[in-house]
Amino acid sequence: VRLVESGGGLVQAGGSLRLSCAASGDTNSINDMGWYRQAPGKQRELVAVIAAGSANYADSVKGRFTISRDNAKNTVYLQMNSLKPEDTAVYYCIARDTVTQYVYWGQGTQVTVSS
């Protein structure tokens, strides 16, 4: 399974960005898809995950970020609104194989929020 992210960039505080992650390859066993992020000097953290139509979010992004999925396109999205400088990080797409429990990672996309 290959994951390719897009949509990162530089935005001012209060602005919005939409990240996309397209999965290709043997995706038949992929159920959970989501996003992690890692800021400089910090540990990687879960941002949002979606599975079977149910979404979960980190407390720090609730009410500002929305995760969605297009199963026909094997693509997961992260709509990020009201961005803050502390949202600056490399954002990674993940997909979990429900049979093997293996987690695939994308290459990451940089999101920078200026104050």
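The values are calculated or read from the model by the stated rules, or taken from the named source; none is laboratory data. Just so we're clear, the structure is a prediction, and the values are computed from it rather than from any experiment. Positions of Cβ are generated from backbone atoms using ideal geometry, with glycine treated the same way; all protein chains shown enter the neighbour counts. The accessibility values were calculated without ligands, DNA or RNA, using every heavy atom of the protein model including side chains. Shrake-Rupley method; radii C 1.70, N 1.55, O 1.52, S 1.80 Å.
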- Task: Take the alpha carbon atoms of the stretch 72-115, find their center, do the same for the stretch 38-66, and report the distance between the two centers in whole angstrom.
- Result: 8
- Net charge (Lys, Arg +1; Asp, Glu -1) of residues whose beta-carbon lies under 14 Å from that of Ala13, Ala13 excluded, is 0
- Message: Quick check: pseudo-label points 7 Å beyond the Cα along Cα→Cβ at Ser82 and Asn28, how many nm apart are they?
- Response: 4.4
- How much accessible surface does Thr27 have with a 1.4 Å probe, in Å² rounded to 10? 20
- Given Cβ charges of +1 for Lys and Arg and -1 for Asp and Glu, the option among Gly14, Phe65, Val99 whose Cα lies farthest towards the positive end of the dipole of the chain is Gly14
- Solvent exposure ordering (accessible area, 1.4 Å, most first) of Thr75, Thr98: Thr98, Thr75
- Quick calc, the stretch 1-110, dipole around Cα centre from Cβ unit charges on Lys, Arg (+) and Asp, Glu (-), nearest 20 debye, gives 160
- Task: Determine the sum of side-chain charges near Asn81: Lys and Arg each +1, Asp and Glu each -1, restricted to other residues whose C-beta is under 13 angstrom from that of Asn81.
- Result: +3
- Note on the structure: 1/(1 + (r/R0)^6) with r = Cβ-Cβ of Asp70 and Thr112, R0 = 35 Å, i.e. FRET efficiency to nearest 0.05, evaluates to 0.85
- Task: Taking only protein heavy atoms into account and a 1.4 Å probe, give the accessible area per residue of the stretch 27-115 in Å².
- Result: 53
- Task: Quick one: net charge around Ala95, please, counting Lys, Arg +1 and Asp, Glu -1 for every other residue with C-beta under 10 Å from its C-beta.
- Result: 0
- Query: What's the carbon and sulfur percent of the chain's accessible surface, probe 1.4 angstrom, rounded to a whole number?
  - Reply: 46
